[in-house]
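The values are calculated or read from the model by the stated rules, or taken from the named source; none is laboratory data. Keep in mind it's a predicted model, so treat the numbers as computed, not measured. Virtual Cβ from ideal backbone geometry, glycine too; neighbours counted across all protein chains shown. Surface accessibility is based on the protein's heavy atoms, side chains included, excluding ligands, DNA and RNA. Shrake-Rupley method; radii C 1.70, N 1.55, O 1.52, S 1.80 Å.
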Amino acid sequence: MRSIICFSCVMHNSIVRNIIVLLESGAFGTVGGDSIKEESPLLVAMSPHKWRTLIKIAKELNVLSYIAAGADALHGQENLSNAFLENLKEYDVTIRDLDVRDAQLYNHWTSKRLVEVHEEEMNSPNLSEETLNLLDIIIYNADEIITHDVNIEGIIALGVYVRSKKDKIDYEKLSTWLRYVGMVNVASLLGNILIDCMSFKEEELPFVIKPYKKAKNLFMHSLVNALKKHTCSNATRMNIAMLETVSHRFVSAISLVTDIEE
């Protein structure tokens, strides 16, 4: 199991570790690149309060379904709380597809290009809906970073989709589209997060074209601050999506002035 950055000043390290273990187990069936059936305990013991906090965090991040799946996969682990398992039964933990219908780009030209990509592909004789859906998941994650922070649910959904549709995705098309709508750097960051935090291999993510040393820190920041107001740094946004970030700020400023005038 990889080492976990200590953010005890925000959230106890044991909670962070167990969330990551359960997430990776539930979403991808692996932990640290190894089989989840390994004999050594992956989960660490926690108090009932910490297990309840873990559920609260998972609900806030909208990943409780994956946490429940992870608990099921790791059933029998000596540190898996029976009370925690009972508490999970109180919730609907059905795994559902990520809703990306409202995801958008904020620059006039890139937004227009995104519409063009959709229209052209839907009318293409070589239609690849799986590739188009993957593009939409990347756009969703970009939207979340620009307006809020790294979205844990979005990252997990991206990884699950890549793994489940790996034989149906046209990465040449995806690469062309990402360049056309200015999302190459965003896609690389998302892929780096999956590699650094969820044990993905580089060859699974052909859209990753550059490393991001702070990818894991960004993921962890969103995770450990789930129960408090937080946001992604503007420096990160400008580094991966300058045009969209500036456009979003401009649109927000115009809306604010309009609201004040009204």
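In table form, for the structure just shown:
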quantity	calculated
Exclusive hit being open to solvent by 20 Å² or more (accessible area, probe 1.4 Å) and among the acidic types (Asp, Glu), set ASP143, ASP167	ASP167
Breaking point among (1) under 16 Å from the mean Cα position of the chain (by Cα); (2) at pLDDT 95 or above, for SER199	(2)
Test for LEU105: is it part of a loop (DSSP other than H, G, I, E, B), in contact with an Asp or Glu (Cβ under 8 Å, 6 or more places away or on another chain) and either at pLDDT 95 or above or open to solvent by less than 80 Å² (accessible area, probe 1.4 Å) (or both)	yes
